[in-house]
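The values are calculated or read from the model by the stated rules, or taken from the named source; none is laboratory data. Keep in mind that what you see is a predicted model, and the values were worked out from it rather than measured. Note that we place each Cβ from the backbone using ideal geometry, even for glycine, and neighbour counts take in every protein chain shown.
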Amino acid sequence: MSHVINMCELSSLQEQLEALKKENNSLKEKSRQHEIVFESAMEAIIIIDEKFHFIDCNQSACHLFQLTKKELQKRKMCDFLSLVPHQQLHKQVEELRDHDQAADELIIKLDNGQVKFIEISIKKNALGTKHLALMRDISSNKMLERERTINEQLFKDLFHRAVDGIVIFDGSGQFIDANGSFCSNFEIDKSKLSTFKLDDFIEGENQFKLDKLWSILNEGGRAKGEMPVLLKSGRKKVFEFTSTSNVLSGFNMAIMRDITEKRNMEMQLFKSEERFREIFENAIDAIIIWNNDGRIISANQSASRTFELSVENLISSRIYDFMDLNDLKFRAARKEYLRSRAIREELLFYMPNGQCKQLEFTSKMDVTDGHHLTILRNVSDRKMMEKELRESEQKFRKIFNGAMDGIVLLDNSYNITDANPTASFILDIPLEHIHEYNLHELISYDKMESGSMHFFDEMTEEIPFKLQNNKEKILEFSLKRNIIENMNLAIFRDITEKKELEERLRKSDTLSVVGELAAGIAHEIRNPMTALKGFIQLLEANVKEDFSMYFNVITSELSRIESIITEFLILAKPQAISYQEKDVVTIMKETIDLLNAQAILVNVQIQLNHNGSVPLVYCEPNQLKQVFINILKNAIEVMPSGGTIQVNIFIKKDNELQITIIDEGSGIPEDKIKRLGEPFYTTKDRGTGLGLMVSYKIIEEHCGTVEVESKVGNGTAFHITLPIKQTM
């Protein structure tokens, strides 16, 4: 019985053993499958303990960390997280502690220095106390994402910073987005961009171009060309565009560049080329274009006429064929041309018919395609005219510089542009500085200052002129306006001496008439005067009453009449002068003594000043005394309130003696000083003018001079100069 039980138990045990074997085999198979899955997994699978030491890992983990499994099992997770901030690691540990699972993106740094981005997911206590970590290398994704971010940023920068206009539009041409350049070029406010479309800027006559653009864009995905547009302001522009379809979210993009100015410049260039061709063909001057060998490759009709060859024959020639290559001037010009690459010169050119022409030319190197451009002009006739003009200029200059009259050339503002030496001498201005003056600065004249000279083409006047040293001259002035454009001619002559001679002649004629009149009057009056004087004396002796005062007045007036008659006789006939060597100081003292009584009556004092060594003078004493009396009497009479008369006698030069008589009277105006000494001209109420006239005549006969210096309110000074030795 027990044996049967044992057999039953054994059978049951065998069945259990078989079941266990099957289960074991099943577990082994599953374990093998799990091992295969573990090792074959694309993601890195790592088993770590609580301190993040590596316990086990698959091949992907070894590949990720580039270490063997044995090497990894000796390491811990923190060895590879040196680039992860400490705060982030602490946050992940806290999250794993509080939750069953944690996930994040980390940066690991391998032993070889390589850096990788990983995506990690950790399951807490997945295998008992062990954690299961799944890692995936996302470095490539990160690089792609980074590149995408950079590309997007670059696109944005390019989009917004681009000089060219960039616009995004849909299939109907409606604007979606655009950069600042596009909005500026199309004069659109960006906030209103979505209200516009391409058709709004295309004129009807250019609609076919837009339709063609859409057709090419839809078929090929790209289109490029030029498109004229009409802006809302009415301005027209031309844009060069490149368009691409489906660039962004199914939208199209166009890059547009404003080429309006470029097209305008091209049009101007075209017109300029047209003008150049027109000028080239119709220019009066000869124009030739030649290469470095001197071969003429183009020439105009004027060149054909200048070189007396047809254009076809001229083009087959060399420019050097018309020149003397041994001419020194040609060699110098060629050397300068090669150095400076441009030249302006004149040379002799030898024509095929044997004629020699002087041509002025301008040549420039590398004007077009490395060729030379030369413009020539025949100046043979001009050279002849210049020669004749130079000869004419020389003749004019000789006449101009040798003229006896002063000649001045003026512009319309009367600035002096040229003058001859005589003008420089008369005006007392150096010839090299005379062009710095204006005629108004030199000559003060009413007609000039009022501007009325502009109404006369010609005028001749006598005008006063004051030199820089204040010396005055009288000029005979003639002006001829507009002899050529902006050129006037002034001719003047110094007639100061002529006027002085005329004045002296006038005075001489006056003296002659006065002399004849004086002789007649003196003769006719002297006889009655003698009778009057005799009868007055008889009457005075026979009258018993006391009428002495009346007789004294009558006698005094008769004496005055007799002195006037005596002065008349001095003018009427030459006096027999007996020159003697006398002391002028003594003569002056006698005169002062004679007039002292009259001077004292009006409180006038006469002071004589001399250095005591005044030499004797050859003179007629009585005549000098008469001169001194006349001048001193005048000085006394102009000082009714008293004062002092200074008489100074001194040696002026080696052979001249000067007597100066200075009063303190009211002075004489400058315009009246010039007339002193004229017959019957006087500044006194009862004067005759004969006293000074006789005095001037006496000093003149003594070969002396009288100069008057006076200022109104400051008195008058008479300067009498006498030679010490007379030349008989």
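Exactly one residue out of R344, R331 is out of contact with any Lys or Arg (no Cβ under 9 Å at 6 or more places or on another chain), in a strand (DSSP E or B) and in the same structural domain as N292 (by TED's automatic domain parsing): that is R344. Counting only strands (runs of 3 or more DSSP E) that sit completely within the stretch 218-280, those holding 1 or more residues that are surrounded by fewer than 14 Cβ atoms within 10 Å (Cβ to Cβ) correspond to 222-230, 236-248.
A quick yes/no check of all residues on (1) surrounded by 14 or more Cβ atoms within 10 Å (Cβ to Cβ); (2) out of contact with any helix residue (DSSP H, G or I) (no Cβ under 8 Å at 6 or more places or on another chain):
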residue: N25; (1), (2): no, yes
residue: I36; (1), (2): no, yes
residue: M42; (1), (2): no, no
residue: I47; (1), (2): yes, yes
residue: C57; (1), (2): yes, no
residue: H63; (1), (2): no, yes
residue: K74; (1), (2): no, yes
residue: L81; (1), (2): yes, no
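So, S172, is that one polar (S, T, N, Q), on the phi < 0 side of the Ramachandran plot and touching a residue at least 24 places away in the same chain (Cβ under 8 Å) or not? Considered against the rule, which asks whether it is polar (S, T, N, Q), on the phi < 0 side of the Ramachandran plot and touching a residue at least 24 places away in the same chain (Cβ under 8 Å), S172 comes out as yes. Residues in the stretch 387-431 that are part of a helix (DSSP H, G or I) and exposed (fewer than 14 other Cβ atoms within 10 Å of the Cβ): 16 in all.
Just one of the numbered conditions (1) under 30 Å from L64 (Cβ atoms); (2) free of Cβ contacts under 8 Å to residues at least 12 places away in the same chain is not true of K130: (2).
Of the residues making up the stretch 63-94, those that are part of a loop (DSSP other than H, G, I, E, B) and at negative phi are L67, T68, K74, R75, L81, S82, L83, V84, P85. From the list I631, I661, I668, the lone residue that is touching a strand residue (DSSP E or B) at 6+ places or on another chain (Cβ under 7 Å) and modelled with pLDDT of 90 or more is I661. Among residues of the stretch 132-191 being among the acidic types (D, E) and surrounded by fewer than 17 Cβ atoms within 10 Å (Cβ to Cβ), the one that is farthest from the chain's Cα centre (by Cα) is E145. When residues in the stretch 698-728 are screened for being surrounded by fewer than 16 Cβ atoms within 10 Å (Cβ to Cβ) and out of contact with any Phe, Trp or Tyr (no Cβ under 7 Å at 6 or more places or on another chain), 12 of them pass.
Could you say which residue among I284, I296 is part of a loop (DSSP other than H, G, I, E, B) and closer than 30 Å to V311 by Cβ? When all the criteria are applied, what remains is I284. Taken as a whole, the structure places E360 among residues that are in a strand (DSSP E or B), within 26 Å of R277 (Cβ to Cβ) and without any contact (Cβ under 8 Å) to a residue 24 or more places away in the chain.
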